[in-house]
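Student: First, the structure itself, so that you have it in front of you.
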Amino acid sequence: MTLNDGLFNLGHILSVQDVVALLKVVLEAGRYIRRFHQPPGMYEVLEHHARLELHDIKGKKATYFKDQKVRFLQNHIMAYQDQAWGDGNIFADYKCSPGVAVDRYQQGNVWRILISLRQTKHKGDLETFHIERSIEDGFIKTIEHFQARIDHPTQHLSMSVTFPVKRFPKHVAVVAQNTNRTIELNVSNIQTLPNGQTLATWSMEYPKVGEAYNLRWEW
């Protein structure tokens, strides 16, 4: 008996509405099974800290830092991929540890940086990656932002911007790009440091995979 024969026979027992409802349940069950039986990615992120330091009041020089603690989910991993995007010269300088940046290529508006680990990682291994990237002419507008994209399951995300002494932010918010949700930062998120710089910070637990979070400010 074919599927069509089975559905035809069901039609004599169930109403059309019942058959449609049954098909919806079957389709939803299929989506559920596919979602929870996909092979795992290379790693999950336990902590993702992204911070930007603006060095001058014109936004011409800045340094981006990323510290990412990961747990590997597969065996025989020998490389890690970083990403970069934005305005200006985003590769005025680039440092990473552990590993060595061996290649980079552009895909749309995003640069992919391939980092050779110089060792092999296995399932369950932990590693913390440190990225430092100098940027020139990247934040010269009145309204600016920097972004963290969530490409792997992540437990904790934090973002921060340090502003120069003589130019502080008038307004700071975090915008979730895909859902267009805005989180206004208040006095609990913004503080003046002992050296006179202003620090704006934001964090969340379990950010959504596939989302991009923009820390946006007017200054």
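The values are calculated or read from the model by the stated rules, or taken from the named source; none is laboratory data. Owing to the predicted nature of the structure, the values given are computational and were not obtained by experimental measurement. In this analysis, Cβ positions are derived from the backbone assuming ideal geometry, glycine residues included, and neighbour counts consider all displayed protein chains.
Student: Among Phe146, Phe139, which is the only one that is buried (at least 17 other Cβ atoms within 10 Å of the Cβ) and part of a strand (DSSP E or B)? Talk me through it step by step, then tell me what you get.
Tutor: Numbers: Phe139 fails: part of a strand (DSSP E or B).
Exactly one residue qualifies, and that residue is Phe146.
Student: Restrict the check to segment 153-160 and report whether at least one residue is hydrophobic (A, V, I, L, M, F, W, C) and either touching a Ser or Thr at 6+ places or on another chain (Cβ under 6 Å) or buried (at least 17 other Cβ atoms within 10 Å of the Cβ) (or both). Let's see the steps before the verdict.
Tutor: Filtering segment 153-160 for residues hydrophobic (A, V, I, L, M, F, W, C) gives 157, 159.
Right, trim to either touching a Ser or Thr at 6+ places or on another chain (Cβ under 6 Å) or buried (at least 17 other Cβ atoms within 10 Å of the Cβ) (or both) and you get 157, 159.
Within segment 153-160 (the criterion being hydrophobic (A, V, I, L, M, F, W, C) and either touching a Ser or Thr at 6+ places or on another chain (Cβ under 6 Å) or buried (at least 17 other Cβ atoms within 10 Å of the Cβ) (or both)), the answer is yes, since at least one residue qualifies.
Student: Answer yes or no: is there a residue in segment 119-128 that is part of a strand (DSSP E or B), closer than 20 Å to Lys61 by Cα and touching a residue at least 40 places away in the same chain (Cβ under 8 Å).
Tutor: Quick first cut of segment 119-128, residues part of a strand (DSSP E or B) only: 119-121, 126-128.
Cutting the leftovers down to closer than 20 Å to Lys61 by Cα gives us none.
Looking through segment 119-128, none of the residues is part of a strand (DSSP E or B), closer than 20 Å to Lys61 by Cα and touching a residue at least 40 places away in the same chain (Cβ under 8 Å).
Student: With the structure loaded, tell me whether Ser188 is under 26 Å from Asn89 (Cα atoms), in the same structural domain as Asp56 (by TED's automatic domain parsing), out of contact with any Pro (no Cβ under 6 Å at 6 or more places or on another chain) and of a type in the set (Gly, Ala, Ser) or whether it fails that test.
Tutor: No: the conditions fail for Ser188.
Student: Out of all the residues in segment 103-117, is one or more touching a residue at least 60 places away in the same chain (Cβ under 8 Å) and under 15 Å from the mean Cα position of the chain (by Cα)?
Tutor: Scanning segment 103-117, I find no residue that is touching a residue at least 60 places away in the same chain (Cβ under 8 Å) and under 15 Å from the mean Cα position of the chain (by Cα), so the answer is no.
Student: Select from segment 200-219 the residues that are within 8 Å of the chain's Cα centre (by Cα) and farther than 18 Å from Val70 by Cα and list them in ascending order.
Tutor: Correct list: Glu211, Ala212, Tyr213.
Student: Follow-up question, since we're still on this one. How many of the residues making up segment 161-180 are free of Cβ contacts under 8 Å to residues at least 24 places away in the same chain and crowded, with 19+ Cβ neighbours inside 10 Å?
Tutor: So the count comes out to 0.
Student: A further question on this structure: Can you pull out every residue in segment 56-87 that is in a loop (DSSP other than H, G, I, E, B), of a type outside the set (A, V, I, L, M, F, W, C) and crowded, with 16+ Cβ neighbours inside 10 Å?
Tutor: Selection gives Gly59, Gly86.
Student: I would also like to ask the following. Name the single residue, out of those in segment 163-177 being within 20 Å of the chain's Cα centre (by Cα) and assigned to a strand (DSSP E or B), that is nearest to Gln197 (Cα to Cα).
Tutor: Restricting to residues being within 20 Å of the chain's Cα centre (by Cα) and assigned to a strand (DSSP E or B), the top hit is Val172.
Student: Quick one: which residue in Pro194, Pro207 is touching a residue at least 40 places away in the same chain (Cβ under 8 Å) and part of a loop (DSSP other than H, G, I, E, B)? Write out each step before concluding.
Tutor: Working: Pro194 fails: touching a residue at least 40 places away in the same chain (Cβ under 8 Å).
On inspection, the qualifying residue turns out to be Pro207.
Student: Go through (1) over 29 Å from Thr162 (Cα atoms); (2) in contact with a Leu (Cβ under 6 Å, 6 or more places away or on another chain); (3) hydroxyl-bearing (Ser, Thr, Tyr) for Tyr64 and report which single condition fails.
Tutor: (1)
Student: Looking only at segment 182-191, decide whether some residue is more than 19 Å from Trp85 (Cα to Cα), over 22 Å from the mean Cα position of the chain (by Cα) and among the charged types (D, E, K, R).
Tutor: no
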